[in-house]
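Enquirer: Handing you a structure now.
The values are calculated or read from the model by the stated rules, or taken from the named source; none is laboratory data. Owing to the predicted nature of the structure, the values given are computational and were not obtained by experimental measurement. Cβ placement follows ideal geometry from the backbone for every residue including glycine, while neighbour counts extend to all protein chains displayed.
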Amino acid sequence: MGLISNVVGTIGSSVSSVVADQYTEFFTCDSLGQNVLVREGAKRMQKGNNKGNAEVISNGSMIAVPEGTACLMVDNGKVVDFTIQAGMYTWDSSSAPTVFAGNDGFLDAAKKLVTETWTRMKMGGEIATQQRIYFVNMLEIKDQKFGTPSALPYHDPEYRNIYIRLNGVFSYTIKDPVKFFQTQVGNVKGEFTNAMFMGSPADEKQPRIEFRDNFSEVLNKCGTVDKIMFADLPSKQGVLRNYMQDALDEEWLKNRGVVISSVAIGGITPDDKSRERIEQVDQSKMFGADPNALAAAAVLGQTEAMNTAAGNANGAVNGLMGMGMVGGMGQMGGGMNSAFQFMGQQQQAQAAQQAAPVAAAAVATAGAAGWACECGTQNTGKFCSNCGKPQP
């Protein structure tokens, strides 16, 4: 008795569940935005009394595909159809038989219905198939931040080998929704997000790590092939994008169905040693292009040296020796010659200032010793004490 009761109950539930699955459903999806990459299609009933199983799509069901979205039809875990064109579509090849479809006639559909009912009855009333609709985000996923945790070598055409740190953003696009679904998502329940695929700068997933590792190769090409100065890299987004696409697109498209859309650098910072070299090279370039600037720098340096020497007992001698050594460089150009002439004038003025007290002291000494008149008298005053003649 118990067995009959169970069979009757099973047959009744099986028949009612199959028939309930025959009402037409309507599937659509709102915008997936920048965070959701794949979302399972939600069933929206055209008839409120549809109590069918959510894992069975009735033949004739309507599917609205919005812009920027791909739609995948999955039957028993396998993608059987897809579209990347926006519009309204009808599901007309369901593996679950339907008596309302009208494709094979009522009798043929009824036979299939009986077969399906018997299959469900043998499985305790459970459905022996699974059908799902998935919507895949085809928009450009932007603002994926990246940065170099350590300084990367860069062969700059002006500064040679320097080390720089960079940070910026990149974007990617799902070009092959089927490949992305098969290799990255699978028959997920609910949705698959960007964080699950890329991670974050603090918790990187493999694709983000691959991007950062390949970026060092791209920097090498920018310096050696295109001869781009490191300070000009932020304005070369097209070059960076093309090189990143060459480095990753073939592999990513083949393995994941994803391509790089854009790359932008937000900031570049040389390390301390590289910064010192950059400043030295820039100073040398400025002096080479403008002799007057070099002469001004030389005068400034000599003035500082003279000021230092003035406060040192031996500084004057050392300063004059240094000035003499610099004087040997007088053939560097008119600007340098003018600078050295100016310094020579300053030296002469300083020497005259130093000689004036010596001359005055000599006159004073001579005055203290007296003078001899023509008459032979030795005098100390301004007139001869014997003949009255004035001091010559």
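Enquirer: Just give me the residues in region 263-281 being under 15 Å from R212 (Cα atoms) and buried (at least 18 other Cβ atoms within 10 Å of the Cβ), in sequence order.
Expert: Correct list: V263, I265.
Enquirer: Continuing with the same structure: Looking at F146, F197, F192, F181 in this structure, which one is modelled with pLDDT of 90 or more, in the same structural domain as E251 (by TED's automatic domain parsing), hydrophobic (A, V, I, L, M, F, W, C) and assigned to a strand (DSSP E or B)? Step through it out loud before you land on a result.
Expert: Numbers: F146 fails: modelled with pLDDT of 90 or more; F197 fails: assigned to a strand (DSSP E or B); F181 fails: assigned to a strand (DSSP E or B).
Residue meeting the stated conditions: F192.
Enquirer: Residue by residue through region 179-196, note down the ones that are among the basic types (K, R) and surrounded by 14 or more Cβ atoms within 10 Å (Cβ to Cβ).
Expert: Within region 179-196, K179 is the sole residue that qualifies.
Enquirer: Only residues that are at pLDDT 90 or above and either of a type in the set (S, T, N, Q) or under 22 Å from E210 (Cα atoms) (or both): list them for region 121-143, please.
Expert: Listed by number, the residues that qualify are N137, M138, L139, E140, I141, K142, D143.
Enquirer: A follow-up question, please. Go through the residues of region 203-211 one by one and say whether even a single one is surrounded by 19 or more Cβ atoms within 10 Å (Cβ to Cβ) and either outside the structural domain of Y154 (by TED's automatic domain parsing) or among the hydrophobic types (A, V, I, L, M, F, W, C) (or both).
Expert: Within region 203-211 (the criterion being surrounded by 19 or more Cβ atoms within 10 Å (Cβ to Cβ) and either outside the structural domain of Y154 (by TED's automatic domain parsing) or among the hydrophobic types (A, V, I, L, M, F, W, C) (or both)), the answer is yes, since at least one residue qualifies.
Enquirer: Of the residues in region 212-232, how many are surrounded by fewer than 19 Cβ atoms within 10 Å (Cβ to Cβ), part of a loop (DSSP other than H, G, I, E, B) and either touching a residue at least 60 places away in the same chain (Cβ under 8 Å) or in contact with a His (Cβ under 6 Å, 6 or more places away or on another chain) (or both)?
Expert: The total comes to 2.
Enquirer: Condition first: under 14 Å from L152 (Cβ atoms) and of a type in the set (G, A, S). Now tell me which residues in region 213-270 satisfy that.
Expert: Hits for region 213-270 are S216, G223, G267.
Enquirer: Tell me, which strands (runs of 3 or more DSSP E) wholly within region 53-106 include 2 or more residues that are more than 14 Å from C29 (Cα to Cα), outside the structural domain of F27 (by TED's automatic domain parsing) and at pLDDT 55 or above?
Expert: In region 53-106, no matching strands (runs of 3 or more DSSP E) lie anywhere.
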